[in-house]
Structure formats: structure tokens, C-alpha cells
Amino acid sequence: MMTLNEALSWIANLFEVSVEKIQPQTKRDEIEAWDSLGTLTLMARLDEEFNIILSEDKIAELKV
């Protein structure tokens, strides 16, 4: 299981931002690369790396 810091680092790496900019309270609209293409990239990576499949509705509810 991934720790909170590992998860935040994973997200920072995915969206190519510094880990200091990613905190549990960070909203997705605060991450420039988390646009429609970023959402598709996130969905694909979650599926590939963790076998997690999220619906578009669940993605819309996400914040880091």
C-alpha cells in the first residue's frame, strides 16, 4: 500500500509539477496539467499501474 507522501509524489510526477505544489487539500483545477488530456492520462495510469478503473463521474469528484 502506498503512503500519503508516495501518492502525492506519484501525482506530482504524473502531472510534472513539484511535489511541494501537491498537498491533500490541493484541488485539481490548481494543477495546470490536470486538463481533459491530464484526466485521460490519470485514468490510464491508474488502470495500468494499479488496476483501478474510475468513471468520469468519479474523476470529476477528485481532488489531490
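Probe of 1.4 angstrom, ligands and nucleic acids ignored: what's the accessible area per residue over the chain, in square angstrom? Before the final figure, lay out the partial values.
On the way: 4810 Å² over 64 residues.
Per residue, the chain has 75 Å² of solvent-accessible surface.
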Principal semi-axes in Å for the stretch 1-52 [√(5λ), Cα gyration tensor, largest first]: 16, 15, 8
Each label sits 7 Å from Cα toward the beta-carbon; between Thr41 and Gln25 the label points are separated, in nm, by 2.7
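Could you work out what % of the accessible surface of the chain is carbon and sulfur, using a 1.4 angstrom probe and leaving DNA, RNA and ligands out of the count? Let's see the in-between values first.
On the way: 2470 of 4810 Å².
Heavy-atom surface of the chain belonging to carbon and sulfur, 1.4 Å probe: 51 percent.
The values are calculated or read from the model by the stated rules, or taken from the named source; none is laboratory data. Everything quoted here is computed from the prediction, not taken from an experiment. Note that we place each Cβ from the backbone using ideal geometry, even for glycine, and neighbour counts take in every protein chain shown. Ligands, DNA and RNA are stripped out before the accessible areas are found, and what is left, the full protein with its side chains, is counted by its heavy atoms. Shrake-Rupley method; radii C 1.70, N 1.55, O 1.52, S 1.80 Å.
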